[in-house]
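The values are calculated or read from the model by the stated rules, or taken from the named source; none is laboratory data. As the structure is a computational prediction, the values presented were derived from the model and not from experiment. When we count neighbours, we look across all protein chains shown, and the Cβ atoms used for this are built from the backbone with ideal geometry, even at glycine. Note: areas computed on protein heavy atoms with side chains; ligands, DNA, RNA excluded. Shrake-Rupley method; radii C 1.70, N 1.55, O 1.52, S 1.80 Å.
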Amino acid sequence: MIPILYSFRRCPYAMRARLAISVSGQPVELREVVLREKPQSFLATSPSATVPCLQTKTDVLDESLDIMKWSLSHHDPERWLDMPDAGHAWIARADGPFKSALDRTKYATRYPEHDPTEQRDKAAEFLTDLDQQIDAWIFERPTLADFAIFPFVRQFAFIDKPWFDTQPWPNLQKWLDTHLNSALFSRIMHKYPQWHETDPQTLFP
């Protein structure tokens with residue numbers, strides 16, 4: 001059985017899963033989910049009913065980081081997993097306080113009890129620290145941390161790109177542009193049609 005990846009093109013969690021799968025070359029069957037019309041097979045597979053979700057022959061992986069590590073454990077040609085321990089701390093900060101502030105900035109109407117400007121400032125604290133950490137990459141070369149964090153920085157940047165571009169984050173802005181203009185990002189952002197139960201298999205990458 002080829003593993004099945006339930007994905008949604010614009011979801012940053014699904015993006016980072018596809019980034020790792022693509023670089024590993026580990027083949028999966030891609031099923032593009034439209035979140036307002038979740039197929040029954042997806043709901044029956046994913047414990048959280050969220051993308052990404054990977055169904056293997058023996059297991060279901062419902063967390064994007066687990067999917068990244070699964071794919072790279074099979075083949076890691078660019079040695080993303082060979083990362084300093086500090087990389088896990090950076091990912092945890094991105095997934096925790098930064099993502100919380102990002103959501104409360106981008107989706108302010110969902111969080112009326114929070115001031116979106118204050119939340120943007122909280123997110124900016126993380127990005128200021130990240131800018132100081134980055135040279136060309138977060139560490140000396142590309143690692144899991146870069147590709148796990150990038151989709152969320154991208155999401156934040158495009159809330160108000162003119163504002164983002166005027167911030168004093170030259171290293172971060174260059175790093176983001178490197179990702180956005182990469183062949184890898186272009187590959188994983190290919191548009192696939194909505195998956196239906198009767199559709200033929202779509203292989204990825």
> Among the residues of region 105-119, which ones are over 24 Å from PHE185 (Cα atoms) and either within 19 Å of the chain's Cα centre (by Cα) or crowded, with 21+ Cβ neighbours inside 10 Å (or both)?
Replying inline: THR105, TYR107
> Only one of (1) farther than 20 Å from THR105 by Cα; (2) modelled with pLDDT of 95 or more; (3) surrounded by fewer than 18 Cβ atoms within 10 Å (Cβ to Cβ) is not met by ARG154, so which one is it?
Replying inline: (1)
> Counting only residues that are open to solvent by less than 40 Å² (accessible area, probe 1.4 Å) and not polar (S, T, N, Q), how many does region 158-205 have?
Replying inline: 12
>> Quick test of your reading of the structure: ILE159 fulfils all but one of (1) in contact with a Lys or Arg (Cβ under 6 Å, 6 or more places away or on another chain); (2) more than 17 Å from CYS11 (Cα to Cα). Name the failing condition by number.
In response: (2)
> Restricting attention to region 1-28, which residues are open to solvent by 20 Å² or more (accessible area, probe 1.4 Å) and either free of Cβ contacts under 8 Å to residues at least 12 places away in the same chain or over 25 Å from ILE91 (Cα atoms) (or both)?
Replying inline: MET1, ILE2, ARG10, PRO27
> Of the residues that make up region 126-140, is at least one farther than 14 Å from PHE98 by Cβ, without any contact (Cβ under 8 Å) to a residue 12 or more places away in the chain and open to solvent by 60 Å² or more (accessible area, probe 1.4 Å)?
Replying inline: yes
> Can you name every residue in region 42-81 that is surrounded by 16 or more Cβ atoms within 10 Å (Cβ to Cβ) and hydroxyl-bearing (Ser, Thr, Tyr)?
Replying inline: THR45, SER46, THR50, SER64, SER71
> Of the residues that make up region 53-66, is at least one closer than 17 Å to PHE185 by Cα and either modelled with pLDDT under 95 or within 14 Å of the chain's Cα centre (by Cα) (or both)?
Replying inline: yes
